[in-house]
Amino acid sequence: QVQLVESGGGLVHSGGSLRLSCAASGIIFSINAMRWYRQAPGKEREWVATITSGGSADYANSVKGRFTISRDNGKNTVYLQMNSLEPEDTAVYYCHTYYEFNRWGQGTQVTVSS
């Protein structure tokens, strides 16, 4: 059974930092690209960052230079380090991978106060 479980969300002041984690099970983690998406209230879900199986990363322009995606294949975990957080970053953050079909975690809430 494939599972993606996010953690690490919370409430932080503008300019603060958070580190999200997504623990994966039921897949061969090391060969899967992993992604983070987010969905703000009243908005569509948007892509945030991708890390390939080889460790190459790509970011949405809105988070480039502030967020860092990384992975630990030994722990089957992908991370999202978020620095210089802004109120506009407030959203539910979802972990995603494709294994037979799209797989999503349950999401973790990030709230940035001004």
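The values are calculated or read from the model by the stated rules, or taken from the named source; none is laboratory data. Owing to the predicted nature of the structure, the values given are computational and were not obtained by experimental measurement. For neighbour counting, all protein chains shown are included, and Cβ atoms are generated from backbone atoms with ideal geometry for every residue, glycine included. Please note that ligands, DNA and RNA were not included when accessible areas were found on the heavy atoms of the full protein model with its side chains. Shrake-Rupley method; radii C 1.70, N 1.55, O 1.52, S 1.80 Å.
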Legend entry - Unmet criterion (only one of (1) in contact (Cβ under 8 Å) with a residue 24 or more places away in the chain; (2) in contact with a Phe, Trp or Tyr (Cβ under 9 Å, 6 or more places away or on another chain)) for Thr50: (1)
Inset, instruction - Using the structure shown, decide if Ile27 is of a type in the set (A, V, I, L, M) and part of a loop (DSSP other than H, G, I, E, B). - result: yes
Inset, instruction - May I ask you to verify whether Val12 is under 23 Å from Val2 (Cα atoms) and part of a strand (DSSP E or B)? - result: no
Inset, instruction - Sort out for me the strands (runs of 3 or more DSSP E) sitting completely within region 49-114 that have 3 or more residues that are within 13 Å of Tyr37 (Cβ to Cβ). - result: 91-99, 101-104
Legend entry - Subset of region 83-112 [aliphatic (A, V, I, L, M) and either out of contact with any Asp or Glu (no Cβ under 7 Å at 6 or more places or on another chain) or free of Cβ contacts under 8 Å to residues at least 12 places away in the same chain (or both)]: Leu85, Ala91, Val92
Legend entry - Some residue of region 87-97 being open to solvent by 60 Å² or more (accessible area, probe 1.4 Å), at negative phi and hydroxyl-bearing (Ser, Thr, Tyr): no
Inset, instruction - State whether the residues of region 39-49 include one that is over 15 Å from the mean Cα position of the chain (by Cα), among the charged types (D, E, K, R), open to solvent by 30 Å² or more (accessible area, probe 1.4 Å) and farther than 17 Å from Pro87 by Cβ. - result: yes
Inset, instruction - Among the residues of region 18-34, write down those that are in contact (Cβ under 8 Å) with a residue 12 or more places away in the chain and open to solvent by 60 Å² or more (accessible area, probe 1.4 Å). - result: Arg19, Ile31
